[in-house]
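The values are calculated or read from the model by the stated rules, or taken from the named source; none is laboratory data. Bear in mind that the values here come from a model prediction, so they are computed numbers and not experimental data. In this analysis, Cβ positions are derived from the backbone assuming ideal geometry, glycine residues included, and neighbour counts consider all displayed protein chains. Note: accessible area is taken over every heavy atom of the protein model, side chains too, but ligands, DNA and RNA are not part of it. Shrake-Rupley method; radii C 1.70, N 1.55, O 1.52, S 1.80 Å.
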Amino acid sequence: MKQQINYLGQNGYFGAYGGRFVPEILIPAVDELNQAFQEILQDGEFFKQYYDLLMDFSGRPTPLTYAAGLSEYFGKAKIFIKREDLNHSGAHKVNNVLGQGLLMKKLGKTRVIAETGAGQHGVATAIMAAKMGFKATIYMGAEDAERQYANVFWMKQLGAEVVPVTSGTATLKDAINEALRDWAGNFDNTHYALGTACGPRPFPEMVTYFQSVISKEMKKQLKELCGKYPDRIYSCLGGGSNAMGAFVEFLQEPEVELIAVEAGGKGEASGKHASRIAYDKAKAGVSQGYKTLFLQDEDGQMLDTWSISAGLDYVGVSPILAHLADTGRVRVEAATDAEVIDAFQLIISKEGLIPALESTHAFAGLFREIADTKPDDIVVVNMSGRGDKDIFNIGEALQDEGWKTFVKERGKRYAD
């Protein structure tokens, strides 16, 4: 079975964005990867092998859960939640890395490198490497490694080398730079498993392809549960992998409104956020191997970003989503840290779910707009990951006294 894809792009470009802008030394590596990707698009057996692995190892298909508590609380649209948190590793990231792992075998590579922000892509890559017998090196901004140490711990236990990156703002964009440097020197035996729908061709299409299992399943599940497509789909937006996964199969369904929610951080006026599109603060530029909208100053230098969520504080955005926003097919909003914490408390109290702070941005975007929906509307939120990893950030944000006492006593025990 040949796979049909339609990302509204051509030859790696999506409107004014995309392409491949890499050092000459990396051209053979991206050529080799693109050739292999184009071949698997025509290879139905590869997709079957890939989806069989997702079912047997990761637990797909993930459920589409009716959120009865939230739906009754608001008394407006019926809310459904796509449960990517129930994947092995606790996030949608594993969909992409298992596909890239199979591609590595096809290419004969024995070592994988990756970058990670919140740590979920790093954990997923370390899991894939352990299962498939590859060596793994994970680059992570030192600031992110401190915020998400639980994931650092698991990456190391899985056998991966974790390299803290201290350059720049010590966050995701700096980790990507270090991974690209490593790839340029080692591509003979090393594959760069980029974690989001960014970077040079073919990464935006390839990551979207592997994440498209989310919306493929959603279409089938919605038909069975509701007999219709949703009126709206909400997803958080950092680099764009989970948003593209949730949206791509609905791009040709104009009655389905697609809403991506960026990290509004401490608010637009504060300047401490990672909103590229919603706050209209980004400009087109070329960096990290591709052209897209980046937060940058008048001299083209990348600006610092901020979010309570380590997985959303990326300075750029998928070129596919930048194009879809330009054309109006995807509407982009932003949710502040304060709105996200309020949404988190509502979700956990009404649904018994613990969403990742990344995913909670999507819920916050919905909650702000739900008054505009009708009771017979169907709304889906893509819950891209679970929030266990965020316990330190959430405990601090809530100023929970019991949590603070626990941290102080545990710290004192290790200091003695």
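Miscellaneous remarks
- Lone qualifier among GLY239, GLY271, GLY245 - being closer than 24 Å to ASP299 by Cα and touching a Ser or Thr at 6+ places or on another chain (Cβ under 7 Å): GLY239
- Cross-chain or 6+ apart pairs with Cβ under 9 Å, the range 8-19 first and at positive phi, then of a type in the set (Ser, Thr, Tyr): LEU8/THR327; GLY12/TYR290; GLY15/THR327; GLY18/TYR290; GLY18/THR292; GLY19/TYR13; GLY19/TYR290
- Residues located in the range 94-122, provided they are open to solvent by 10 Å² or more (accessible area, probe 1.4 Å), in contact with a strand residue (DSSP E or B) (Cβ under 8 Å, 6 or more places away or on another chain) and modelled with pLDDT of 95 or more: LEU107, LYS109, THR110, ARG111
- If only residues of the range 256-301 that are without any contact (Cβ under 8 Å) to a residue 12 or more places away in the chain and over 23 Å from ALA170 (Cβ atoms) are counted, the one that is most open to solvent (accessible area, probe 1.4 Å) is GLU298.
- Residues being small (Gly, Ala, Ser) and in contact with a Ser or Thr (Cβ under 9 Å, 6 or more places away or on another chain) - total across the range 55-88: 3
- Residues in the range 30-45 that are assigned to a loop (DSSP other than H, G, I, E, B) and either within 23 Å of the chain's Cα centre (by Cα) or surrounded by 13 or more Cβ atoms within 10 Å (Cβ to Cβ) (or both): 1 in all.
- Scanning the range 52-73 for residues that are over 13 Å from HIS92 (Cα atoms) and either among the aliphatic types (A, V, I, L, M) or surrounded by 19 or more Cβ atoms within 10 Å (Cβ to Cβ) (or both) gives LEU53, MET55, LEU64, ALA67, ALA68, LEU70, SER71.
- The helices (runs of 4 or more DSSP H) found wholly in the range 302-416 and carrying at least 2 residues that are surrounded by 23 or more Cβ atoms within 10 Å (Cβ to Cβ) and of a type in the set (Ser, Thr, Tyr) occupy 357-369.
- Extreme residue, nearest to the chain's Cα centre (by Cα), among residues of the range 162-189 that are open to solvent by 20 Å² or more (accessible area, probe 1.4 Å) and acidic (Asp, Glu): GLU178
- You will find that of GLU178, GLU143, the residue that is at pLDDT below 90 and not in a strand (DSSP E or B) is GLU143 and no other.
- Scanning the range 65-105 for residues that are outside any helix (DSSP H, G or I) and aliphatic (A, V, I, L, M) turns up ALA67, ALA77, ILE79, ILE81, ALA91.
- Of everything in the range 1-29 that is exposed (fewer than 11 other Cβ atoms within 10 Å of the Cβ) and either among the polar types (S, T, N, Q) or part of a helix (DSSP H, G or I) (or both), the residue that is modelled with the lowest pLDDT is GLN4.
- Against the numbered list (1) closer than 21 Å to HIS191 by Cα; (2) open to solvent by 70 Å² or more (accessible area, probe 1.4 Å); (3) assigned to a helix (DSSP H, G or I), LYS48 comes up short only at (1).
- Any hit, the range 132-152, residues being in contact with a Gly (Cβ under 9 Å, 6 or more places away or on another chain), within 19 Å of GLY316 (Cβ to Cβ), among the hydroxyl-bearing types (Ser, Thr, Tyr) and open to solvent by less than 10 Å² (accessible area, probe 1.4 Å): no
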